[in-house]
Amino acid sequence: MAAAKAALTEYERRRLENIKRNEEMIASIKRKANDLSTLIKSSKRKPHRIAKPGKTPVVLRRSLRSRGISPDSAQETAIPTTPSPPVSLAKQKGPLRIVDDFVATLAATILDAEENAPLHRRVESLQNEVESWNPASALSLVPENTRRLLAGRILTVCFFPFLDRRLLAVGDKYGNLGFWDADFGESEGDGSYVYTPHSAPVSGISLHPFSSSKVFTCSYDGFIRLMDVGETVFKMIYSTEDSIFSLIHHPNNTKSLYFGEGQGDLKMWDESAGKISSSWDLHEQRINTIDFNRYNANLMATSSTDGIASIWDLRKIHSKKPECITTAQHARAVHSAYFSPSGTCLATTSIDDTVGILSGPSFDNWTTIKHFNQTGRWLSSFRAIWGWDDRFLFMGNMRRAVDIITVEDKNIVPLESPFMTAIPCRFAVHPQRVGLLAGATAGGQIYIWS
DNA sequence: GTAGCTCTTAGTCGT
DNA sequence: ACGACTCCAGAGCTAC
């Protein structure tokens with residue numbers, strides 16, 4: 001009890017600090033972008049649908065092609081044999097400045113939402129809401145909640161934790177980072193913001209736990225970048241020759257950023273020290289996901305293409321090749337391993353066509369659920385994610401549907417919609433709002449069920 | 001042990 | 001409506 005109270009106080013203290021900082025930032029950004037803002041307000045044109053051909057610079061705005069819009073500039077059509085987006089500035093090391101008319105709007109949205117968000121959603125009220133919630137009847141999709149945001153296959157989706165604003169961050173194959181503000185004002189723009197901080201697939205997005213204006217991304221290009229919307233810059237946090245496949249903040253120790261690099265390495269970047277402070281060789285092949293148990297943040301789960309999902313105790317991984325608490329051995333590559341909301345189960349997804357559930361006091365009880373997971377090479381692999389309690393899992397279905405798995409009886413109900421024109425393969429649940437589920441496709445679309 | 005080849009698969013875009 | 005193109009996933013195979 002005492003610990004929980006202390007944690008809350010710490011949380012509140014940090015939030016108040018952030019709010020103060022954000023106020024200053026908003027003022028600063030609004031000052032800096034005053035001309036641009038008036039420009040936006042006075043025009044009815046839609047953000048990011050306008051070409052700016054011929055502009056050179058450090059602009060990180062996406063090309064039209066990669067946005068899924070046919071290119072109309074002579075420059076681009078002149079090179080029809082180059083299907084991939086133009087060689088991006090994202091390849092260079094060091095910070096990338098964001099030169100964009102609309103980033104001020106995005107920054108103000110994020111900073112405002114963060115400032116106005118209730119200090120803490122009561123866990124109990126969330127639980128009451130969850131108990132009476134039933135996905136099959138509660139989830140529906142309407143056309144306004146679908147959008148093609150990016151051109152490439154989406155690998156990552158992430159909700160901002162705002163109660164009153166449905167804001168998503170999404171990463172695709174081309175290194176694009178897209179934001180979709182589904183509650184954007186009607187008359188101005190369409191709530192889309194697209195940047196290109198990377199030159200290869202964006203494999204992970206992690207928001208700073210106490211400051212949503214700090215968006216960390218990792219990529220196959222070997223970079224970890226930090227989009228600090230308050231400073232309108234993509235900082236470079238870390239770079240390596242290997243690919244980076246997964247990224248997550250430690251939920252309590254917010255200055256620790258864990259990421260999976262190369263053939264099975266897990267590294268920890270220490271924000272205070274500004275360097276890598278730990279490195280372990282946990283797997284034989286790439287680490288696809290990293291997750292922390294929210295009721296015992298010393299427990300960390302990894303999933304790897306080597307066919308193994310493991311649970312580690314951070315207090316006991318001192319050596320270079322540490323021992324794990326439990327492993328789930330799949331027949332083939334494991335694409336995800338996520339702790340359930342209560343922290344008592346671990347759900348794994350493998351292309352051996354099973355979803356595994358580890359449960360029991362020491363996670364030694366193992367059951368599997370059959371599920372077709374052969375996505376092929378053009379779709380992102382399926383990952384079963386938990387809903388808002390331990391009852392349901394959500395994941396993709398090759399028949400253009402969302403599969404809702406009831407863990408208790410292993411029953412699978414597909415959720416279909418005429419507005420779903422492609423197979424959703426990556427998902428995110430809203431951390432604060434029960435019944436808000438986002439799915440993303442290989443064609444760059446996003447769907448928000450509610 | 002590993003480098004190299006081959007097959008699978010969905011969706012977009014251009015005609 | 002159809003065909004070309006995508007192409008850093010993963011596995012199984014062969015050859016060294």
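Taken together, the values in this text are just the output of simple stated rules run on the coordinates, not laboratory data. Because the structure is a prediction, the values reported are computed rather than measured. All Cβ positions, glycine included, derive from the backbone under ideal geometry; neighbour counts span all protein chains shown.
Remarks
- Listed residue (A:Ile423, A:Asn365, A:Asn411) projecting farthest to the positive dipole end of the range A:348-433, Cβ model: A:Ile423
- In a DSSP loop and with at most 10 other Cβ atoms within 10 Å, the GluC sites (Glu not before Pro) in the range A:224-299 are A:Glu241.
- Kirkwood hydrodynamic radius over Cα pairs of the range A:247-380, then Stokes diffusion coefficient at 20 °C and 1.002 mPa s, in µm²/s: 143 µm²/s
- Computed over the range A:240-305, the percent of Cα pairs more than 14 Å apart is 55.
- Nearby aspartates and glutamates by direct alpha-carbon distance to A:Lys320 (threshold 19 angstrom, same-chain neighbours under 8 apart not counted): A:Asp242, A:Glu261, A:Asp265, A:Asp270, A:Asp281, A:Glu284, A:Asp306
- Cα-Cα pairs of the range A:331-450 separated by more than 24 Å (percent): 22 percent
- Estimated FRET transfer efficiency when R0 is 56 angstrom, pair A:Lys91-A:Asn411 (beta carbons, to 0.05): 0.75
- Isotropic mean projected area of the C-alpha convex hull, the range A:392-450 (nm²): 4.1 nm²
- Where labels lie 7 Å past Cα in the beta-carbon direction, separation of A:Glu284 and A:Lys20 in nm: 5.4 nm
- Volume per residue of the C-alpha convex hull in the range A:194-313, rounded to whole Å³: 102 Å³
- The charge dipole of the range A:317-405, taken about its Cα centre with unit charges on the Cβ atoms of Lys, Arg (+1), Asp and Glu (-1) only, comes to about 380 debye.
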